[in-house]
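The structure appears below as structure tokens.
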Amino acid sequence: MRTRRLAAPLGQTGWPLTWKLLLRVLYVGLLGMALWGPAYGLTQTPVRTAGKDVWLLVDLSRSMDAPDVAPSRLQKVKAELATLISRFPADRLGLIVFAGEAYVQCPLTYDQAALQLFTSTLQTSLVPPGSTDLVPPLELALARLGHATDTSTTTPPRATALVLVTDGEDFGENLEPTVRVLARSGARVFTVGVGTTEGSRIPQTGGRGYVRDARGREAVTKLVAAPLRQLAEQTGGQYFELSDQRNEFALLLNALNRVEGLMQQVRTVSVADNRYRYPLLLALILIALDIVLTVKVIRP
């Protein structure tokens, strides 16, 4: 209105400036709309991912109740596994528990909440009493990979890592044949030794005394690292320790991160179709029009 009032004595209407104002208000508004990113409708978009499978093999023998790692070996393991699970949201994780026998506690899944629930409820009473035997959990993991334990020579369709968490006290039969099959399968075994070399007595359930051996003496459980180191080396994995003085779970996470998925999966996901192009294109046209339209300026 001020422009029109000033233009009236000069015989001008001031409308060209009004059109300029309208153009600029329109294209500034359209630019803001494009920046906001209006979405309308859904588009099916293929997503290519490379994933891996991670099996967690957790020893639930009575020796895992030993308090040489505070508050106990198993409680410390559960806390560290909760962190591990949260670090791999794009990979499938499964849980196998064992002592003298092995059981699948949770099959391979992307559901972190479910796996966290299974992990939080781990206790030595979940499996029948017995001494630790490393062969059953490794053979069970091989069976889940779809490999026959005596003839398989093929590479698994997905990169597979086994995280074996135990104190290393293996009272089972010869482990070597199973290790050879694991090495041929392509699955890498990362072993975690839990405990101390000094060892500790094993408390009875309910806190009534300590577990005794066949001779009636209080049993002492110690970390046996040598077979775990050998198992990791023969399968291309690594050995780590977990105790109050030495916690190498962070190194384990880094090692698992370096295991790259072998098979690429193509998934189709529905995503909102961003329509920012249309207001942006219209805004650019109006900007060009603003540049082309000129206003005659009368100088005194």
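The values are calculated or read from the model by the stated rules, or taken from the named source; none is laboratory data. Quick caveat: nothing in here was measured; it's all calculated off a predicted structure. Cβ coordinates were reconstructed from backbone atoms using ideal geometry, including for glycine residues, and neighbour counts include every protein chain displayed. These accessible areas exclude ligands, DNA and RNA; they are computed on the full protein's heavy atoms, side chains included. Shrake-Rupley method; radii C 1.70, N 1.55, O 1.52, S 1.80 Å.
Do you know which of the residues in segment 230-251 that are open to solvent by less than 40 Å² (accessible area, probe 1.4 Å) and of a type in the set (A, V, I, L, M, F, W, C) is farthest from residue 169 (Cα to Cα)?
249
Give me a count of the residues in segment 123-146 that are free of Cβ contacts under 8 Å to residues at least 12 places away in the same chain and under 18 Å from residue 81 (Cβ atoms). Full working, then the answer.
Step one: filter segment 123-146 for residues free of Cβ contacts under 8 Å to residues at least 12 places away in the same chain, giving 143, 146.
From the residues that got through so far, the ones that are under 18 Å from residue 81 (Cβ atoms) too are none.
The total comes to 0.
May I ask you to verify whether residue 51 is at pLDDT below 85, over 29 Å from the mean Cα position of the chain (by Cα) and small (Gly, Ala, Ser)?
no
Working only within segment 201-224, note down all residues that are closer than 13 Å to residue 65 by Cα and outside any loop (DSSP other than H, G, I, E, B).
201, 203, 210, 220, 221
Considering segment 170-197 alone, what residues qualify as being surrounded by fewer than 21 Cβ atoms within 10 Å (Cβ to Cβ) and over 18 Å from residue 233 (Cβ atoms)?
171, 172, 173, 196, 197
Looking at (1) modelled with pLDDT under 90; (2) farther than 24 Å from residue 188 by Cα, which is the one condition that is false for residue 89?
(2)
Tally time: how many residues in segment 155-180 are modelled with pLDDT under 80 and more than 24 Å from residue 260 (Cα to Cα)? Walk me through how you get there before you give the answer.
Let us first name the residues in segment 155-180 that are modelled with pLDDT under 80, namely 155-158, 170-173.
After this cut, where a residue has to be more than 24 Å from residue 260 (Cα to Cα) as well, the list is 170-173.
Count: 4.
Tell me, yes or no, whether segment 71-79 has at least one residue that is at pLDDT below 90, open to solvent by 50 Å² or more (accessible area, probe 1.4 Å) and of a type outside the set (Lys, Arg).
Kept after step one, since they are at pLDDT below 90, are these residues of segment 71-79: none.
No; the residues of segment 71-79 include none that is at pLDDT below 90, open to solvent by 50 Å² or more (accessible area, probe 1.4 Å) and of a type outside the set (Lys, Arg).
Taking segment 80-98 as the search range and keeping residues that are of a type in the set (D, E, K, R) and open to solvent by less than 50 Å² (accessible area, probe 1.4 Å), which one is farthest from residue 248 (Cα to Cα)?
This residue is 91.
Take segment 258-283 and flag every residue that is part of a helix (DSSP H, G or I) and either loosely packed, with under 11 Cβ neighbours inside 10 Å or at pLDDT below 65 (or both).
277, the sole residue that qualifies.
Of the residues in segment 81-100, how many are assigned to a strand (DSSP E or B) and among the charged types (D, E, K, R)?
Summing the residues that are assigned to a strand (DSSP E or B) and among the charged types (D, E, K, R) in segment 81-100 gives 1.
So residue 8 fits all but one of (1) small (Gly, Ala, Ser); (2) modelled with pLDDT under 70; (3) open to solvent by less than 20 Å² (accessible area, probe 1.4 Å); what number is the exception?
All conditions pass for residue 8, except number (3).
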